[in-house]
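Report on the following structure.
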Amino acid sequence: EGKASDGRFVLYDTAKAVCILFVILGHWTFINLHGWGVDFNTWLKGGERGVTLVLNVTTSFSMPLFCILSGVVCQGPPTTKRVCNYLQYLVVPSVLWIGAFHKVICGMLTNQPFPEWDLTALVADEWYLSSLVIWRGAAFLFFHRLHPLVLFLLAQAVSCIGGYFHFGGVFGERAWYWQFLQGDATLGFLPYFVLGYILPLTTILRLVPEPSRPARLAALLGVVLWATLVQPAAQPGGDPHFSFHDQWEASVVESQWGFRLYWTARLAQWGVDVLPSLVFLVLVLPREETSMTWMGPHTLYPYLFHHVFLTWHDKVLQQYPPPTVESAAGHVLVLAFHVVLSYLATALFCSSGWRRPFDWLLKPQWLDPLVQTVQASLAPQKAAEAPLSGGC
């Protein structure tokens with residue numbers, strides 16, 4: 001079934017590693033297209049079209065697939081060990097990172113001014129981390145009690161209704177508690193997580209044989225065409241993953257009917273996101289180990305630190321400006337170079353040398369005695385189990 005020596009699914013780890021690489025590459029393109037980067041002034045001068053193409057491809061499935069995979073790993077009823085894992089390795093690190101350490105640590109790594117000592121200034125916008133805490137908590141509380149179809153329809157309904165309100169987070173209210181909850185994104189991406197939660201991935205992989213190389217390339221071409229031609233058409237008034245009040249109310253879809261039918265845009269976006277995500281997972285990615293598979297268990301680190309890399313990147317270009325490049329061929333080479341850079345950044349942040357100084361925060365094994373005591377009190381017969389490690 002494509003498992004590594006430690007029992008982890010190889011495909012799952014490879015997919016996570018590719019997704020985080022695309023997140024890094026996508027954020028780099030996004031920053032430049034919005035005028036915050038420095039590349040367009042030098043070796044990507046006039047390269048907006050190529051950068052937009054890269055942005056469309058990298059964002060077509062990276063976060064949707066991340067959310068789907070997070071749902072897959074949470075399948076099944078809760079156990080004492082799984083709930084303790086969730087609290088120790090997700091909730092506690094998330095609260096500590098979002099609540100204080102993100103801006104302190106990343107500020108030190110990028111030589112940024114120290115944040116003011118108030119909750120609003122210290123709390124970071126990490127919508128995926130906040131959403132993951134809420135989704136997995138809900139999965140343990142009641143998802144397993146619902147029929148898969150009922151759960152799926154309920155998630156879509158809650159997401160569509162939630163789009164009409166303006167909750168907290170990156171695009172919501174700025175109070176610290178709203179920044180913690182990230183309500184807009186949590187509800188917007190909820191159906192992707194739920195799809196993963198009910199998805200019989202093992203059965204699908206068993207029924208769908210691993211494609212040949214030509215078939216894999218054809219599937220990849222289909223994903224690229226879908227990302228460049230179909231998905232942009234699903235966002236005529238902004239990104240429907242978030243609240244209507246984020247982008248749509250200031251867009252071309254300002255009519256009363258545009259507001260009333262916003263839920264249809266959210267459903268359509270879910271549909272055009274899911275198809276390339278599943279095609280990429282099942283038909284494009286290899287099911288044997290690759291040079292990226294080892295990064296899969298550690299993708300939290302590049303996710304949390306990749307903005308540090310992007311800041312370093314811009315500082316280097318400001319200090320040592322590259323030559324001005326205006327040709328299409330030159331832009332292709334620059335874009336290819338940034339794919340390699342994103343790969344190296346992913347490898348750096350996943351490496352043990354980078355992870356070790358932050359394990360006390362993101363893998364708080366200093367909580368093991370407390371967790372084992374709780375486990376022993378709840379299930380005395382399992383008190384002799386090995387120390388916990390890993391995620392949900």
Practice problem: Only residues that are under 30 Å from Val51 (Cα atoms) and crowded, with 18+ Cβ neighbours inside 10 Å: list them for the range 348-366, please. | Solution: Phe349, Cys350
Quiz item: Taking the range 150-167 on its own, how many of its residues are at pLDDT 85 or above and either surrounded by fewer than 14 Cβ atoms within 10 Å (Cβ to Cβ) or not small (Gly, Ala, Ser) (or both)?
Solution: 10
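Criterion first (in a helix (DSSP H, G or I) and in contact (Cβ under 8 Å) with a residue 60 or more places away in the chain) does Val72 satisfy it?
Against the criterion (in a helix (DSSP H, G or I) and in contact (Cβ under 8 Å) with a residue 60 or more places away in the chain), Val72 qualifies.
Do we find that Arg260 is more than 17 Å from Arg206 (Cα to Cα) and buried (at least 20 other Cβ atoms within 10 Å of the Cβ) in this structure?
Working: more than 17 Å from Arg206 (Cα to Cα): yes; buried (at least 20 other Cβ atoms within 10 Å of the Cβ): no.
No; evaluated as a whole, the condition is false for this residue.
In the range 99-123, which residues are outside any helix (DSSP H, G or I), surrounded by fewer than 20 Cβ atoms within 10 Å (Cβ to Cβ) and at pLDDT below 80?
Gln112, Pro113, Phe114, Pro115, Glu116, Trp117, Asp118
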Practice problem: Filter the range 289-329 for residues that are over 13 Å from Gly37 (Cβ atoms), of a type outside the set (A, V, I, L, M) and out of contact with any Ser or Thr (no Cβ under 9 Å at 6 or more places or on another chain) and give the result. | Solution: Ser291, Trp294, Pro297, Tyr303, Phe305, Gln319, Tyr320, Glu326, Ser327
Quiz item: Residue check: is Gly353 farther than 30 Å from Leu201 by Cβ and part of a helix (DSSP H, G or I)?
Solution: yes
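Inspect the range 289-300 for any residue being among the acidic types (Asp, Glu), in a helix (DSSP H, G or I) and either touching a residue at least 60 places away in the same chain (Cβ under 8 Å) or surrounded by fewer than 16 Cβ atoms within 10 Å (Cβ to Cβ) (or both) and give the result as yes or no.
No, the conditions are met nowhere in the range 289-300.
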Practice problem: Answer yes if at least one residue in the range 58-79 is more than 23 Å from the chain's Cα centre (by Cα) and not polar (S, T, N, Q), and no otherwise. | Solution: yes
Self-check item: Members of the range 307-338 found to be surrounded by fewer than 15 Cβ atoms within 10 Å (Cβ to Cβ), touching a helix residue (DSSP H, G or I) at 6+ places or on another chain (Cβ under 9 Å) and either among the aliphatic types (A, V, I, L, M) or assigned to a helix (DSSP H, G or I) (or both), listed by number
Solution: Trp312, Ala328, Val332
Quiz prompt | Unique match (being at pLDDT 95 or above and closer than 22 Å to Val316 by Cβ) among Leu21, Leu33 | solution = Leu21
Exercise. Give me a count of the residues in the range 168-204 that are surrounded by fewer than 21 Cβ atoms within 10 Å (Cβ to Cβ), of a type outside the set (Gly, Ala, Ser) and either at pLDDT 85 or above or not in a helix (DSSP H, G or I) (or both).
Key: 10
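The values are calculated or read from the model by the stated rules, or taken from the named source; none is laboratory data. None of the values given here were measured: they were computed from a predicted structure. FYI the Cβ positions are ideal-geometry reconstructions off the backbone, even for glycines, and counts take in every protein chain you see.
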